Amino acid sequence: MDPTTDNAGSSGGARSALESLRTEISKAVVGQDPAVTGLVVALLCRGHVLLEGVPGVAKTLLVRALAASLELDTKRVQFTPDLMPSDVTGSLVYDARSTEFSFQPGPVFTNLLLADEINRTPPKTQSSLLEAMEERQVTVDGTPRPLPEPFLVAATQNPVEYEGTYPLPEAQLDRFLLKLTVPLPSRQDEIDVLTRHVDGFNPRDLRAAGVRPVAGPDDLEAARAAVAKTAVSPEITAYVVDVCRATRESPSLTLGVSPRGATALLSTARAWAWLTGRDYVIPDDVKALALPALRHRVQLRPEAEMEGVTADSVITAILAHVPVPR
């Protein structure tokens, strides 16, 4: 099926524009197609994304390439141990001329915020993003100030085993729609990366690499409207609930997926179904998004963690055992 022609009008054009994001990003980033797809799904669902991987696997470059492929305002914040909440949200500044305080917006007032190495800053500063991510507004001195639309936080983090990192609070993790892992590249992909650098690729100059804006706010709105019309049968809804409830009963977990997580899984499955050219959700859509939508919403028991059990392995086992609707 050709995903650009199965729906007439703006829906097909929007799908084509969002599909072309992958092509543009691949001009700068090699071999991270699942992460690219996750970012596109998050855009469709008005959600935020957490990218985790060891240093040097192009997490920041991936988000910068996404920003360069979109006609959206973007800002970047490098999270450091001395970063203050007001450095993110903005603050009141005294104007000596008018003898009044005026609000100076912080970098969070943008469409796409790159929160780089978010777990290198203390929890107090991490929590400054909670209201922005959930309510899409910032309250300073009792006055709520709405953020631009669309608004997406794309945060990168190093694994928590690395020095100088602070674990993200569970409440903040739950605000991320997806947690995407950015693995080390395969041998061939790594050869391709080095070959590009030999040929003159400069990761700090994406325009020279040929990355151009291929989608904008109108495409996003049309795509989101189409995703909202993607049909979900009662059987699929029940399947999502059964998968999430199974995490709460797993002996390997102290914390299972909340109803917010079930909603996230369903909404991302709808977006994935639409991206692949269907106007209805099937069980495979749910399975495809289960790991990125749920892995950060569960907590392992210490004894399970010591035995080498991971959140991904628990969720994969649950998907293998929960009956699939036909």
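Miscellaneous remarks
- Residue in segment 150-162 that is within 29 Å of residue 17 (Cα to Cα), in contact with a helix residue (DSSP H, G or I) (Cβ under 6 Å, 6 or more places away or on another chain), at pLDDT 85 or above and hydroxyl-bearing (Ser, Thr, Tyr) present: yes
- Per the listing 159, 148, the residue uniquely touching an Asp or Glu at 6+ places or on another chain (Cβ under 8 Å) and over 19 Å from residue 52 (Cα atoms) is 148.
- Residue match in segment 245-261 (condition: surrounded by 19 or more Cβ atoms within 10 Å (Cβ to Cβ), without any contact (Cβ under 8 Å) to a residue 60 or more places away in the chain and farther than 19 Å from residue 168 by Cβ): no
- Candidate set: segment 93-111, residues that are in contact with a Phe, Trp or Tyr (Cβ under 8 Å, 6 or more places away or on another chain) and modelled with pLDDT of 85 or more; chosen: the one surrounded by the fewest Cβ atoms within 10 Å (Cβ to Cβ): 93
- The residues of segment 268-277 that are closer than 17 Å to residue 235 by Cα and open to solvent by 40 Å² or more (accessible area, probe 1.4 Å) amount to a single one, 270.
- Of the strands (runs of 3 or more DSSP E) lying entirely inside segment 131-233, those containing at least 1 residues that are open to solvent by less than 20 Å² (accessible area, probe 1.4 Å), in contact (Cβ under 8 Å) with a residue 40 or more places away in the chain and under 26 Å from residue 257 (Cα atoms) span 152-157, 178-181.
- Selection within segment 283-299 - open to solvent by 40 Å² or more (accessible area, probe 1.4 Å) and either of a type in the set (Phe, Trp, Tyr) or more than 20 Å from the chain's Cα centre (by Cα) (or both): 284
The values are calculated or read from the model by the stated rules, or taken from the named source; none is laboratory data. In this text, all values refer to a predicted model and were calculated from it rather than measured experimentally. Here the Cβ is made from the backbone with ideal geometry for all residues, glycine too, and neighbour counts use every protein chain on show. We work out accessible area using only protein heavy atoms, side chains counted, and drop any ligands, DNA or RNA first. Shrake-Rupley method; radii C 1.70, N 1.55, O 1.52, S 1.80 Å.
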